[in-house]
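K.L.:
This structure is in structure tokens; I'll ask about it shortly.
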Amino acid sequence: MKPLDLLQQSLHKPVLVELRGGRTIRGTLESFDQHLNLVLSSAEEHDAKGENPTPRPGVTLVRGDSVIFISP
Amino acid sequence: MKPLDLLQQSLHKPVLVELRGGRTIRGTLESFDQHLNLVLSSAEEHDAKGENPTPRPGVTLVRGDSVIFISP
Amino acid sequence: MKPLDLLQQSLHKPVLVELRGGRTIRGTLESFDQHLNLVLSSAEEHDAKGENPTPRPGVTLVRGDSVIFISP
Amino acid sequence: MKPLDLLQQSLHKPVLVELRGGRTIRGTLESFDQHLNLVLSSAEEHDAKGENPTPRPGVTLVRGDSVIFISP
Amino acid sequence: MKPLDLLQQSLHKPVLVELRGGRTIRGTLESFDQHLNLVLSSAEEHDAKGENPTPRPGVTLVRGDSVIFISP
Amino acid sequence: MKPLDLLQQSLHKPVLVELRGGRTIRGTLESFDQHLNLVLSSAEEHDAKGENPTPRPGVTLVRGDSVIFISP
Amino acid sequence: MKPLDLLQQSLHKPVLVELRGGRTIRGTLESFDQHLNLVLSSAEEHDAKGENPTPRPGVTLVRGDSVIFISP
């Protein structure tokens, strides 16, 4: 299975997304497209040290270009 | 629903846009296209610490390339 | 209306353009294309702190790739 | 053989992936595509000094754009 | 007129080109293409503070990708 | 001969590859494609000062996007 | 003449290439393509201060993406 097919398995599950510039965002993966644009619900942003969580209520759209990696 | 379809739900509502280089901008999402170019009204820019808000009256066009994520 | 259509409304009006690397440039928007290449007249460049304005007489062409956002 | 054909030989084997921004990630290469998007299982992230391993259980999707190099 | 048409007016005239990374280069604009690749004659490079001019005799080719803006 | 044709002459010979972010990698060039994705065998990574060599046994795939230059 | 046609005039002549990240490389331009991939012979690399020349014997391939400008 190709990488984006494997990402299907994470739909509606919590993921951690590491972003360019050192920030990370955690949330439930609700949707993605082939550019790796992502929609997360109940998201929480963390700074480069993984600290200072900021809740992002509602749905957060992450631009695929900013994604370094996505893990459960 | 694909990520950009979900962004439809934020039209005419306040959003927070995190930009490359650490700045954030808040405003009402008036329009977007498939490149994630955005138009915000009543926008307010914040520096990397989320401080020093600078009002941006009128409509602000954000280049999609600069967007890290968009949340309500 | 799509974002670039809304930018039509700023033609021949003063705009502030925030650029990658922290610089900003103010001027009258004379022209733009779909890449967000811009032409400004009577432009003035500011450093990352918004200080030290440097006048740029004549027409200044800003490469779209360098644009973070454009506001009135 | 072309580079991506040679990467076939690393499928289901442990790899070290060096990422933009100095981080590295180790894991078992489960899948990749022509953009070098990768799926790793049993991954472990390291900081820029190769220290502070953080386990990433489950499957981690690495965006190809973030990859500097991949070695066994 | 579109931005690149307006740049025609600067042909064979002195321009200042601001480059990524803070450097600037001044010279006479001899040619450009749609990627904003530029050829300058009698060019002079300046560091990020606009100091330490280094003459670049002959014709200098600037890669369009590196251009932030071009002004007279 | 075009640049990539000249690179053919380095096949199966030792090369030094300078990477974005200051790292360098030395090894034997086993394969490359038109994106400058490279495969090196018997590779050795060096930090930004050219020090602290880390051997990378097996074949290392370098993403073309990360390459600054390749020399013998 | 378009920029890349003017670069023809520098073939087999010494050039200075300024690279992203502050490094420069000098050598004889032996070949280039439309992406500005370059081949230099008898090249010499300099650090961001233009110091510490490192000779690069044989032919060096510079990735076009890394080029800021090329001058004689």
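Residues are listed down the side, and each one gets a yes or a no for (1) free of Cβ contacts under 8 Å to residues at least 40 places away in the same chain; (2) of a type in the set (Val, Ile, Thr); (3) more than 22 Å from C:Asn37 (Cβ to Cβ):
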position: B:Thr24; (1), (2), (3): yes, yes, yes
position: B:Ser31; (1), (2), (3): yes, no, no
position: B:His35; (1), (2), (3): yes, no, no
position: B:Leu38; (1), (2), (3): yes, no, no
position: B:Ala43; (1), (2), (3): yes, no, yes
position: B:Leu61; (1), (2), (3): yes, no, no
position: B:Gly64; (1), (2), (3): yes, no, no
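K.L.:
Failed condition for A:Ala48, given (1) farther than 19 Å from D:Ala48 by Cα; (2) in contact with a helix residue (DSSP H, G or I) (Cβ under 7 Å, 6 or more places away or on another chain), with all others met?
P.N.:
Of everything listed in (1) farther than 19 Å from D:Ala48 by Cα; (2) in contact with a helix residue (DSSP H, G or I) (Cβ under 7 Å, 6 or more places away or on another chain), A:Ala48 misses just condition (1).
K.L.:
Of all residues in the stretch E:46-62, which are within 14 Å of E:Leu16 (Cβ to Cβ) and touching a Pro at 6+ places or on another chain (Cβ under 7 Å)?
P.N.:
Matches in the stretch E:46-62: E:His46 only.
K.L.:
Can you pull out every residue in the stretch B:31-43 that is more than 7 Å from chain C (Cβ to nearest Cβ) and either buried (at least 17 other Cβ atoms within 10 Å of the Cβ) or among the hydroxyl-bearing types (Ser, Thr, Tyr) (or both)? Outline the logic, then answer.
P.N.:
Residues of the stretch B:31-43 more than 7 Å from chain C (Cβ to nearest Cβ): B:34-36, B:40-42.
If the condition is that a residue be more than 7 Å from chain C (Cβ to nearest Cβ) and either buried (at least 17 other Cβ atoms within 10 Å of the Cβ) or among the hydroxyl-bearing types (Ser, Thr, Tyr) (or both), then B:Leu36, B:Leu40, B:Ser41, B:Ser42 are the ones that fit.
Per-residue answers, yes or no, for (1) in contact with a Leu (Cβ under 9 Å, 6 or more places away or on another chain); (2) open to solvent by 40 Å² or more (accessible area, probe 1.4 Å); (3) facing chain D (nearest Cβ under 10 Å):
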{"site": "F:Gln8", "(1), (2), (3)": "no, yes, no"}
{"site": "F:Leu11", "(1), (2), (3)": "yes, yes, no"}
{"site": "F:Thr28", "(1), (2), (3)": "yes, no, no"}
{"site": "F:Ile68", "(1), (2), (3)": "yes, no, no"}
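K.L.:
Looking at (1) farther than 17 Å from D:Pro3 by Cβ; (2) of a type outside the set (Val, Ile, Thr); (3) in contact with a strand residue (DSSP E or B) (Cβ under 8 Å, 6 or more places away or on another chain), find the lone condition where F:Gly22 falls short.
P.N.:
It fails just one condition, (3).
K.L.:
Moving to a separate point now. Could you please give the count of residues in the stretch B:51-71 that are touching a helix residue (DSSP H, G or I) at 6+ places or on another chain (Cβ under 7 Å) and within 23 Å of C:Gln9 (Cα to Cα)?
P.N.:
3
K.L.:
State whether one or more residues within the stretch D:48-64 are surrounded by fewer than 16 Cβ atoms within 10 Å (Cβ to Cβ), assigned to a loop (DSSP other than H, G, I, E, B) and either of a type in the set (Asp, Glu) or within 11 Å of the chain's Cα centre (by Cα) (or both).
P.N.:
yes
K.L.:
Do we find that D:Glu51 is out of contact with any Leu (no Cβ under 8 Å at 6 or more places or on another chain) and of a type in the set (D, E, K, R) in this structure? Outline the logic, then answer.
P.N.:
Numbers: out of contact with any Leu (no Cβ under 8 Å at 6 or more places or on another chain): yes; of a type in the set (D, E, K, R): yes.
Judged against the criteria, D:Glu51 is a match.
K.L.:
With respect to A:Leu29, is the statement that it is under 11 Å from the mean Cα position of the chain (by Cα) and not in a strand (DSSP E or B) true? Don't jump to the end; show me each part of the working.
P.N.:
Numbers: under 11 Å from the mean Cα position of the chain (by Cα): yes; not in a strand (DSSP E or B): no.
Taking the combined requirement at face value, the residue does not satisfy it.
K.L.:
Within the stretch B:13-23, which residues are open to solvent by less than 20 Å² (accessible area, probe 1.4 Å) and out of contact with any Leu (no Cβ under 6 Å at 6 or more places or on another chain)? Step through it out loud before you land on a result.
P.N.:
Of the residues in the stretch B:13-23, the ones open to solvent by less than 20 Å² (accessible area, probe 1.4 Å) are B:15-19, B:22.
Answer for the stretch B:13-23, where residues must be open to solvent by less than 20 Å² (accessible area, probe 1.4 Å) and out of contact with any Leu (no Cβ under 6 Å at 6 or more places or on another chain): B:Leu16, B:Val17, B:Glu18, B:Leu19, B:Gly22.
K.L.:
Counting only residues that are facing chain B (nearest Cβ under 10 Å) and of a type in the set (S, T, N, Q), how many does the stretch C:44-66 have?
P.N.:
1
The values are calculated or read from the model by the stated rules, or taken from the named source; none is laboratory data. Computed from a prediction, not measured in an experiment: that's the story for all the values here. Note: ideal-geometry Cβ built from the backbone for every residue, glycine included; neighbour counts use all protein chains shown. Side chains are part of the model used for accessible areas, which takes the heavy atoms of the whole protein and leaves out ligands, DNA and RNA. Shrake-Rupley method; radii C 1.70, N 1.55, O 1.52, S 1.80 Å.
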